[in-house]
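Before any comments, here is the structure.
The values are calculated or read from the model by the stated rules, or taken from the named source; none is laboratory data. Being a predicted model, the structure only gives us computed values, none of them experimental. So basically every Cβ, Gly included, is an ideal-geometry build from the backbone, and we count neighbours across all protein chains shown.
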């Protein structure tokens, strides 16, 4: 428990979860191990039953609910493995009560900031800002990681354009990003609600801080939208590369067929079983036929090469 001493303007840390009799702002954090202490504490506070239930049970999406004497806030914090950690808070005029299932490192970060900057514990709005700030920083780190992985996926398309695993990866990433987008959008709306609404737990001094967090958090939803579009472009790019490769194969087969077409014609003519065919009795008729067929094939191949339909210059139209 952290307690702000208004007289000394310092933060006092105690291990007890008993409510102090002083008037300063108090922050109490609980985990699954200390859930029984939290339940006992809630019986001492005039908190709405729905806020108590939400604090202990959590929510499906980020949200904020205002009750008569308290404010409930549900935050989602992204981890590096793209899983979500829930942080539930109940704010009153004097108390900030937070709860997570595990002893998360980001809560230790919040604690250190409050200890080293006592003014952050002088009002509940500052504590909310610190929690919002930590959640935003973790989301932005995840966004940077996703950007690096999508960039690697883009490079992989050009290295191995025919790998089926690329399409599967694109689909998996689109599903994950869609889930992140739903949470990020709800969390951004929740922060905007707190900023634009006159809550007694957010004063004029803390409003600029929360506005700063909202501005940074808006980058997250914009980045997730950009990622979805990029993944669609990667998938379309792979299909285009596959189609181009198939076109090259079909063109090569077509050109080979055209080269052998006159040879087949010559062979077909002299393969007819007519009695009077003077060329069949020539001494060098066989060699003559081979030379004619080879010459036709070379001439046609040279023509294709000159037109840029075959070989290194096939992209040039002459």
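Would you pick out the residues in region 30-45 that are touching a residue at least 24 places away in the same chain (Cβ under 8 Å) and farther than 30 Å from residue 184 by Cα? Within region 30-45, 41, 44, 45 meet the criteria.
Filtered by the rule that a residue be over 22 Å from the mean Cα position of the chain (by Cα) and either loosely packed, with under 13 Cβ neighbours inside 10 Å or not in a loop (DSSP other than H, G, I, E, B) (or both), region 57-68 gives 57, 64, 65, 66, 68. Of the candidates 264, 254, the single residue that is part of a helix (DSSP H, G or I) and under 30 Å from residue 163 (Cβ atoms) is 254. Residues considered: 222, 147, 184. Of these, the only one that is surrounded by 15 or more Cβ atoms within 10 Å (Cβ to Cβ), assigned by TED's automatic domain parsing to the domain that holds residue 73 and closer than 30 Å to residue 64 by Cβ is 184.
Restricting 92, 100 to residues that are under 30 Å from residue 178 (Cα atoms), in contact with a helix residue (DSSP H, G or I) (Cβ under 8 Å, 6 or more places away or on another chain) and assigned by TED's automatic domain parsing to the domain that holds residue 217 narrows the list to 100.
Taken over region 195-215, the criterion of being at pLDDT 75 or above and in a helix (DSSP H, G or I) is satisfied by 195, 207, 208, 209, 210, 211, 212, 213, 214, 215. For residue 159, the criteria (1) surrounded by 14 or more Cβ atoms within 10 Å (Cβ to Cβ); (2) out of contact with any strand residue (DSSP E or B) (no Cβ under 8 Å at 6 or more places or on another chain) hold in every case but one, which is (1). Within region 104-127, count every residue that is part of a loop (DSSP other than H, G, I, E, B) and closer than 15 Å to residue 1 by Cβ. Here the count works out to 0. Taking the conditions (1) under 28 Å from the mean Cα position of the chain (by Cα); (2) not assigned by TED's automatic domain parsing to the domain that holds residue 129 in turn, residue 271 satisfies each one other than (1).
When residue 242 is tested against the conditions (1) over 30 Å from residue 181 (Cβ atoms); (2) in contact (Cβ under 8 Å) with a residue 12 or more places away in the chain, the lone failure is (1).
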